[in-house]
Amino acid sequence: MTISVVIPAYNEEKILPETLDALRRLSRIPDEVVVIDGGSTDKTAEVAKSHGAKVSTVAHRGIGFARQKGLESATGDIVAFTDADTIVPTDWLAE
């Protein structure tokens, strides 16, 4: 069973690295991390790519729109969502 994590993001270049690093420390590492960049004017997309995330840039139409686009882009059997400023606990996906 594969797991995708979807992260909607808009101008999150400063906090996004911490969020992506937290995903790498999980006891069950996701098979795919998808960052949906809502047309950021900073380096959000570049930061996500440099951390190994799949990035899709969409129009800035809100978090619900970004989550839906992430669901459409994800390839995992299970899709989990988190926010770009959230540090998930190490057992988040295992639980």
Query raised in the report: Which ³J(HN,Hα) values in Hz, rounded to whole numbers, follow from the phi angles of region 56-61 under the Karplus curve 6.51 cos²θ - 1.76 cosθ + 1.60, where θ = phi - 60° and Gly and Pro get x?
Result: 10, 9, 10, 4, 6, 10
Report task. Considering Cα pairs under 8 angstrom that are at least six residues apart, work out the relative contact order of the chain and quote it in whole percent. Result -> 45
Query - Calculated [θ] (222 nm, deg cm²/dmol) that DSSP helices of n ≥ 4 give over the chain, each run adding -39,500 (n - 2.57) - result: -8000 deg cm²/dmol
Report task. Only residues of region 1-22 count here: report those whose backbone N is under 18 Å from the spot 7 Å along Cα→Cβ of ASP31, or say none. Result -> 1-7
Report summary line: Rounded to the nearest 10, the angle in degrees between the Cα long axis of helix 63-73 and the longest principal axis of the Cα atoms of the chain comes to 60
**Report entry** Nitroxide proxy distance, nm - points 7 Å out along Cα→Cβ at LYS14 and ILE87
**Finding:** 1.6
Query raised in the report: Between the DSSP loop rule and a limit of at most 13 other Cβ atoms within 10 Å, which trypsin sites (Lys or Arg not before Pro) in region 27-95 are left?
Result: ARG28, ARG61
Requested in this report: Kindly identify the chain as rounded, prolate or oblate by the Cα gyration tensor criterion: order the square roots of the eigenvalues as a ≥ b ≥ c, call it rounded if a/c is under 1.5, otherwise compare a/b with b/c, prolate if a/b is larger, else oblate.
Outcome: oblate
**Report entry** Cβ-placed point charges (K, R +1; D, E -1), dipole of the chain about Cα centre in debye, nearest 20
**Finding:** 160
Query - In order through region 18-26: 3J(HN,Hα) via Karplus (6.51 cos²θ - 1.76 cosθ + 1.60), integer Hz, x for Gly, Pro - result: 5, 5, 5, 5, 4, 5, 6, 8, 5
**Report entry** Magnitude of the charge dipole, region 1-57, Cβ model with Lys/Arg +1 and Asp/Glu -1, debye to 20
**Finding:** 180
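A short reminder: the numbers here are calculations on the coordinates, not readings from a lab. Just so you know, these numbers come straight off a predicted model, no measurement behind them. Cβ: placed from backbone, ideal geometry, glycine included. Neighbour counts: every protein chain shown.
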